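Structure, as structure tokens:
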Amino acid sequence: MEHNILVTGGAGYIGSHVVVRLHEEGFNPIILDDFSNSEKSVLDRLHKITGKHFKSYEGDILDTGLLEQIFSDNQIEGVIHFAAKKAVGESVEKPLKYYKNNVSGLLTVIEAMLAGKVKNLVFSSSCTVYGEPDELPVTEASPEKPANSPYGNTKQIGEEIIQDTVTSGVALKSIALRYFNPIGAHPSGEIGELPLGIPSNLVPFITQTAAGIREKITVFGNDYDTPDGTCIRDYIHVMDLADAHVQCLKHLDNTESDNHFDVVNVGTGKGNTVLEAIKAFEAVTQVKLNYEIGPRRAGDVEKIYAQVDKSRKLLDWSTKYSLSDSMRDAWNWQKRISDL
Ligand code: UD1
């Protein structure tokens, strides 16, 4: 029997890497993507990596009819729901777009799952739910803070929607994975992150600067209460992150109760400063980065990194890639897309 898993947003950055890992672990990923923030060539690139053409549907997560069709065409065992908007700044300017896609989109998915009697759901959440944490490392029991953007709010609301649905007693088993900072790319250089326009995230900005697309990178503040004054984050290789999703599906499958919700941190457990990230990039690639120290960026958290005991125990999972590995793979990918 084919273990069909619907991957919404399966052509996107994290989704595409999850598709590869699912295939490697004997699952059959089926992709739903509207290609609003991804390219159709990803499907060919996935074929290059895995030797397989995955079934894919082009369409909107809000299209109830399409979801019903996907569930009736295929016997789906579980859903990994990525399809969502993720630009923090844009969410402040266009909140409705974010609530519509991320909140209504999740409702559509859950309704279609309940109608199709599909029980297992993995939801993409974010460490943004912790805001500026009071204690480090953050555990899943650390208090949530009011979201500082509509994007962050959609992740908090998403978790609550799933929790409330499970509490209502329906047959739904779900884990929300709280991602820390995903970086890097598939080691083959075939798939990776494709930021539209000027990147706001650190690593795409680093690799674009190294590739000569940007003149220099600005480090947002060096007067934080950290060893070198720059912010601390928990950077996790996207393949390790992808692996956590596969483990999550296996865990849900082994969970006897048909009515279950849990949240799990997915990070490395280690924090690195912005300057350490830049130095790791320079050391592994031998490329000198043109960087300068600039003012703080509004809304940035000073320091955050994960406590990973729960993911280790519950998902039987741990990270395999180092920060240097992530930087090497991010650079390989950048060189590939920049024809360097
Ligand atoms: C951001 C979001 C987070 C979201 C994630 C997804 C905020 C406050 N957080 O995480 O909710 O889930 O993106 O993409 O927006 N930096 C520089 N120079 C740059 C870019 C970044 O110094 O040009 C620094 C930032 O100040 C930060 C670190 O690099 O300290 C990481 O930044 P980034 O990659 O944007 O991720 P987050 O802000 O952690």
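Subtracting the Cα-Cα distance of HIS47 and SER200 from their residue separation scaled by 0.36 nm leaves 52.1 nm.
Label sites at ASP73 and GLN286, each approximated as a point 7 angstrom past Cα along Cα to Cβ, lie 4.9 nm apart.
Computed from the Cα positions only, the extents of the stretch 208-282 along the three principal axes stand at 53, 31, 17 Å, in decreasing order.
The stretch 284-312 and the stretch 191-246 have Cα centres lying 7 Å from one another. Note on the stretch 22-180: Rg/Rh from Cα positions, Kirkwood definition for Rh, rounded to two decimals, is 0.98.
With neighbour counts taken as other beta-carbon atoms within 10 Å, the residues ILE217, ILE175 rank, fewest first, as ILE217, ILE175. With the crude spin-label approximation of a point 7 Å out along Cα→Cβ, what separation in nm comes out for GLU24 versus THR218? Taking the simple label geometry, GLU24 and THR218 are separated by 3.8 nm.
Per-residue ellipticity at 222 nm from helix content only, as computed over the chain with -39500 (n - 2.57) for each DSSP H run of at least four residues, stands at -11500 deg cm²/dmol. Across the stretch 89-101, coupling constants 3J(HN,Hα) worked out from phi with the 6.51/-1.76/1.60 Karplus curve, θ = phi - 60°, read x, 4, 5, 6, 7, 10, x, 5, 4, 6, 5, 5, 5 Hz, and Gly and Pro carry x. GNM remark for the chain: springs join alpha carbons under 10 Å apart, and the peak mean-square fluctuation among GLU282, GLU292, GLU144 falls on GLU292.
The Kirkwood hydrodynamic radius of the stretch 1-82, based on inverse pair distances between different Cα atoms, is 12.5 Å. Ranked from largest, the principal axis spans of the Cα set of the stretch 179-316 equal 54, 37, 27 Å. Of all DSSP bridge pairs formed entirely within the stretch 164-310, close to 10 percent run antiparallel. Counting 0.36 nm for each residue step from GLU2 to THR64 and taking away their Cα separation leaves a gain of 19.9 nm. The shape of the chain can be summarised by an equivalent ellipsoid whose semi-axes, obtained from the alpha carbon gyration tensor, come to 31, 23, 19 Å from longest to shortest. Taking the Kirkwood radius as Rh and the Cα radius of gyration as Rg, the stretch 119-183 has a ratio of Rg/Rh equal to 0.99.
In the stretch 98-257 the Cα-Cα distances spread across 10 Å bins starting at 0 as 9, 29, 36, 20, 7, 1 percent of all pairs. Rg ratio for the stretch 247-312: its Cα radius of gyration over 2.2 N^0.38 Å, N being its residue count, equals 1.73. Between ARG312 and GLU111, the simple label model (points 7 Å from Cα in the Cβ direction) yields a spacing of 4.3 nm. Of all lysines in the structure, those lying under 17 Å Cα to Cα from LYS117, and not within fewer than 8 positions of it along the same chain, are LYS173.
Note on the chain: antiparallel DSSP beta bridges, both residues inside, total approximately 5 percent of the bridges counted.
Taken together, the values in this text are just the output of simple stated rules run on the coordinates, not laboratory data. The structure displayed is predicted, hence computed values, not measured ones. Positions of Cβ are backbone-derived with ideal geometry, glycine not excepted, and every protein chain shown enters the neighbour counts.
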